[in-house]
Amino acid sequence: PHPPRRPAPRCRSCVLARAHRSRAMAKVLVVEDDVFQSQLLVAMLSECGFEAVECNSEEEAYEAIESALTPFALAFCDMQLDDESTELGGLLVVKKLRENFGKQIKVISLTANEDIEVLDASIKAGADSHLLKPISQHDITKICDSV
């Protein structure tokens, strides 16, 4: 006969380790022109067990979207990209994400501006929700747990 099956461990670190293993293949797109903010967000996502693709411009984001072999699970997109091409860079990236991946991807807009027009425009462009900067690990963990 087989030995009795042991119940799954319930400690927090074991639960987190299991969640990290399930996310190991999930990729997240980070579109943020501020290199410090971008690296900080990538580090926070790593803490949650995600692999992040970092883009510091609208152009880099388009390249990452077009070359993605598998859809991103999640995307964070700064609304005020300092691209010279347009002031609407972040909104255009959100629209491109929706065109390429539909609703398979959760899109979070990032902004330091509490302007309701910017927030509304990001939702109309296709963002699922938004975060106001500065971003905390708690905010990121909450979003990651919902993916």
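The values are calculated or read from the model by the stated rules, or taken from the named source; none is laboratory data. Note that the structure is a prediction, hence the values are computed from the model and not measured. With ideal geometry, Cβ positions are generated from the backbone for all residues, glycine too; neighbour counts draw on all protein chains shown. Calculation scope for accessible area: heavy atoms of the full protein, side chains included, ligands and nucleic acids excluded. Shrake-Rupley method; radii C 1.70, N 1.55, O 1.52, S 1.80 Å.
Computed from Cα atoms alone, the Kirkwood hydrodynamic radius reported for the range 27-145 is 13.9 Å. Spin-label pair residue 100-residue 66: with each label point 7 Å from Cα along the Cα-Cβ axis, the two points sit 0.9 nm from one another.
Label sites at residue 137 and residue 123, each approximated as a point 7 angstrom past Cα along Cα to Cβ, lie 3.1 nm apart. Overall, the accessible surface of the range 56-147 at a probe of 1.4 angstrom is composed of carbon and sulfur to the extent of 51 percent. Residue ranges 127-135, 63-71 sort as 127-135, 63-71 when ordered by packing (mean number of other C-beta atoms within 10 Å per residue, highest first).
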